[in-house]
Structures are given as structure tokens and as C-alpha cells.
1. Please arrange 55, 19 by counting, for each residue, the other beta carbons lying within 10 Å of its beta carbon, fewest first.
2. Given a Förster distance of 35 Å, report the FRET efficiency between residue 101 and residue 51 from their Cβ-Cβ distance, rounded to the nearest 0.05.
3. Ranking 58, 68 by Cβ neighbours within 10 Å, fewest first, what do you get?
4. Which of the following values of mean projected area of the Cα convex hull in nm² was calculated from the structure shown: (1) 7.1; (2) 14.4; (3) 7.5?
5. Note down the relative contact order for the chain as a percent, whole number, built from C-alpha pairs under 8 angstrom at least six residues apart.
6. Could you list 32, 48, 85 so that the one with the fewest beta carbons within 10 Å of its beta carbon is first and the one with the most is last?
7. Tell me what the chain gives for mean residue ellipticity at 222 nm when only DSSP H runs of n ≥ 4 count, each as -39,500 (n - 2.57), the sum divided by the residue total, rounded to 500 deg cm²/dmol.
């Protein structure tokens, strides 16, 4: 039986860019990929004040269980807002704090 607390959402733009989200109850995290295979960007929570080594468990659509740092997590309502923004505009939401996981120096402008 599938646990309703967990969900995986992948939104794909016509140009191949995508936004991926994992949600556990009222928290989730985002990933933005510029193309398939891109290490991309992952969300960060600038207001996070918990333990540096804290993690949150997520369950992928295939049943795989992964853990990611709690400092990456945002309220699920904000994750859904970001997914809607991407679906409508086909670009990463500027109101999310992004971390470049590729290390190529690219940034996503913030401030919406």
C-alpha cells in the first residue's frame, strides 16, 4: 500500500528543462535540471535552523527510500507553488533559494 505522505513530481518543459520534487508530508525539496543528465540545482532553506546533520526521508515513485539534508527542505505548499510556477513559465522559480550542484558557476536569479 502506498503511503500518502510521500509523493514524487516531475514537471518537464517543452525545451527539455525540468523540475523535480520529493515530498514527505508537509515538507519537500526541489531539483531543477537544465537538460537530461545535468547535475542541476537543488533547493535550500535559508531559514533552516536545525541540526546540520539532520535528514528527511523521501520515498520515490519506484519505492526507493532516499534521505536528503533537512536544510534543503521547504514547506510543501512552497514546493507546490514552485511546481506551478515552472509549469506555467517553463523556468525555475525565482522565489526558491537554489544551490548549483554542477559547480559550473551558473546561478538562478532570485527575488520574486
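1. On the way: 55 14, 19 27.
Final ranking by Cβ density, sparse to dense: 55, 19.
2. Working: r = 22 Å, r/R0 = 0.63.
That gives a FRET efficiency of 0.95.
3. Numbers: 58 22, 68 18.
Ordered by Cβ neighbours within 10 Å, fewest first: 68, 58.
4. (3)
5. On the way: 215 pairs, mean separation 28.7, N = 112.
So the answer I get is 26 percent.
6. Details: 32 24, 48 15, 85 19.
Arranged by neighbour count, lowest to highest, 32, 48, 85 become 48, 85, 32.
7. The helix contribution divided over the chain gives -4000 deg cm²/dmol.
Here, each number is a calculation from the coordinates, and none is a lab measurement. Remember, it's a predicted structure, so these values are computed and weren't measured experimentally. As a convention, Cβ positions derive from the backbone with ideal geometry for all residues, glycine included, and neighbour counts pool all protein chains shown.
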